[in-house]
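The values are calculated or read from the model by the stated rules, or taken from the named source; none is laboratory data. On a predicted model such as this, the values are computed, not experimentally measured, just so you know. Cβ atoms come from the backbone with ideal geometry, glycine included; neighbour counts cover every protein chain shown.
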Amino acid sequence: MNREEEAKKEMNGALEHLKQELKNLRTGRANPLILDNVLVDVYGSKMKIKALANISVPEPRQIVVTPFDRSNLSMICKAIEDAKLNLQPVVENNMVRIKIPPMDESIRKEMVKKCKVIGETIKVRIREIRRKFNDLVRKAKESGDATEDQVKREEKKIQELTDKFCKDIDTVCSEKEKEILEV
């Protein structure tokens, strides 16, 4: 694999990481992915909710968590409360019902701010990848493995990749911002 392909692979990994991070941001609708990072203390260890229960969205503003083992109900409810997601889980029958409150303007703005911060963090990561691969290209020239023209060509391709991925990050973030601001 050449340096350009390796750079592209690493940048793609950073973009995928961004998409995963943004899935956890709250929007005005019920999204079961906001519970992805909630860990429940059961059976002597911490486990993700999705390993302990079915998570469904019966209505646009409601999430229902149905544990596989009823004895875990209270622990799941406590873990959701402790996760600081501003959600109020309620135990009903054999499930935990979570009503997603409508977001007011200040919460929406806060979520948009978080989205921008995450996007900028990933852009910094993309630029670090660019620097790393440009350094590799320059070292190849110093050791005599590449000519000046090859170095210029590779640096240009790496810069084009950087520009493309930064633009992709902006697109992904702006789509998420629209979703957050949607009432």
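Applying the criterion of being under 28 Å from MET103 (Cβ atoms) and of a type in the set (Ser, Thr, Tyr) to the residues of the range 38-73, the residue that is farthest from the chain's Cα centre (by Cα) is THR66.
Scanning the range 32-52 for residues that are of a type outside the set (Asp, Glu), surrounded by fewer than 18 Cβ atoms within 10 Å (Cβ to Cβ) and closer than 19 Å to ILE118 by Cα yields LEU33, ASN37. Any residue at all in the range 115-125 that's in contact with a strand residue (DSSP E or B) (Cβ under 6 Å, 6 or more places away or on another chain) and not β-branched (Val, Ile, Thr)? Looking for residues that are in contact with a strand residue (DSSP E or B) (Cβ under 6 Å, 6 or more places away or on another chain) and not β-branched (Val, Ile, Thr), one finds none in the range 115-125, hence no.
Note on the range 29-54: residues that are in contact with a Leu (Cβ under 8 Å, 6 or more places away or on another chain), in a loop (DSSP other than H, G, I, E, B) and without any contact (Cβ under 8 Å) to a residue 40 or more places away in the chain amount to 0. Could you grab me the full set of residues in the range 164-174 that are surrounded by 12 or more Cβ atoms within 10 Å (Cβ to Cβ) and either among the charged types (D, E, K, R) or not assigned by TED's automatic domain parsing to the domain that holds LYS123 (or both)? Selection gives LYS164, ASP168, ASP170. With respect to the stated conditions, SER106 fails to be of a type in the set (Gly, Ala, Ser) and more than 28 Å from ILE180 (Cα to Cα).
Looking only at the range 87-144, how many residues end up being over 30 Å from ALA7 (Cα atoms) and among the hydrophobic types (A, V, I, L, M, F, W, C)? Explain how you work it out, then say what you get.
So the first thing to find is which residues in the range 87-144 are over 30 Å from ALA7 (Cα atoms), and the list is 87-111.
When the remaining residues are screened for being among the hydrophobic types (A, V, I, L, M, F, W, C), the result is 87, 90-91, 95-96, 98, 100, 103, 107, 111.
Residues meeting the conditions: 10.
What number of residues within the range 1-28 satisfy the criterion of being buried (at least 17 other Cβ atoms within 10 Å of the Cβ) and either in a loop (DSSP other than H, G, I, E, B) or of a type in the set (Gly, Ala, Ser) (or both)? Matching residues across the range 1-28 total 6.
To keep it simple, each residue is scored yes or no on (1) small (Gly, Ala, Ser); (2) in contact with a helix residue (DSSP H, G or I) (Cβ under 8 Å, 6 or more places away or on another chain).
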position: LYS8; (1), (2): no, yes
position: MET11; (1), (2): no, yes
position: LYS19; (1), (2): no, yes
position: LEU22; (1), (2): no, yes
position: GLY28; (1), (2): yes, yes
position: VAL38; (1), (2): no, yes
position: TYR43; (1), (2): no, no
position: MET47; (1), (2): no, no
position: PRO58; (1), (2): no, no
